[in-house]
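Please read the structure below before turning to the comments.
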Amino acid sequence: MPEDWQLELSKKIGLTPVYTPSHEDFVLLLLYLDGRTPLYGEEALHVILFLYPYVPLSSSPSIFLPFSPDLEKSLISLKDRGLIEEKTEFRGGRHVNTIRLTDRGVAEARKVFSEFSNSWILVHGFVLRKGSEVISELEALKKTYNDKSPLELLKVIASKVESEGDAFVKRLRLQSERHEKLVIGIAKQLARDLKVLTRESYFF
């Protein structure tokens, strides 16, 4: 819930109502968008919500891609509540952990969608974003990155690190400045190698 002073300030400048979404809300909303298309791979969920700067996540690099314990907990909770289901499917030449809303989940996600649509969203405790804009931006990210292979997602992350450097890497909450420099160096080399690999795959 927003603090009293945040609500008062929002009222004074006409930004009401204010809604502070949970991590579970963001997962439900993402699953609801784009015609309730399932998420094809848990890695897509972690990457999409990591790339969106208005989701307050605690993320760290897994072996290859960003991983958020916050999202892991949300998935477990939503599954325990019967709001989502997971199923391994063979899709695009690979086995994918598909995550979709159940009927109960659709009803709950519809409520979340309504909250976003009619509210100003409070993120990071002080940033107000129009909920309808958050919906549009998340839907665009889902359409762009859902169903991408791990290699394609890795290429996206490596390119982001290469182009944005420290500002992007700091969101990974690494342990030291040395660790940050190491990750940036590896990512830049990966971005170059993946571009070469992509070109070679195209020609062969």
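Bear in mind these aren't lab numbers, they're just calculated from the coordinates by the rules spelled out. In this text the structure is predicted, and so the values were computed from the model without any measurement. Neighbour counts are summed over all protein chains in view; Cβ atoms, including those assigned to glycine, are modelled from backbone coordinates with ideal geometry.
Using a 10 Å cut-off around each Cβ, can you sort 54, 40 from fewest to most neighbouring Cβ atoms?
So the ranking, lowest neighbour count to highest, is 54, 40.
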### Query
Applying the Karplus parametrisation 6.51 cos²θ - 1.76 cosθ + 1.60 with θ = phi - 60° to the phi angles of the range 146-154, what ³J(HN,Hα) value in whole Hz is obtained for each residue in order, glycine and proline being reported as x?
5, 6, 7, 6, x, 5, 5, 5, 4
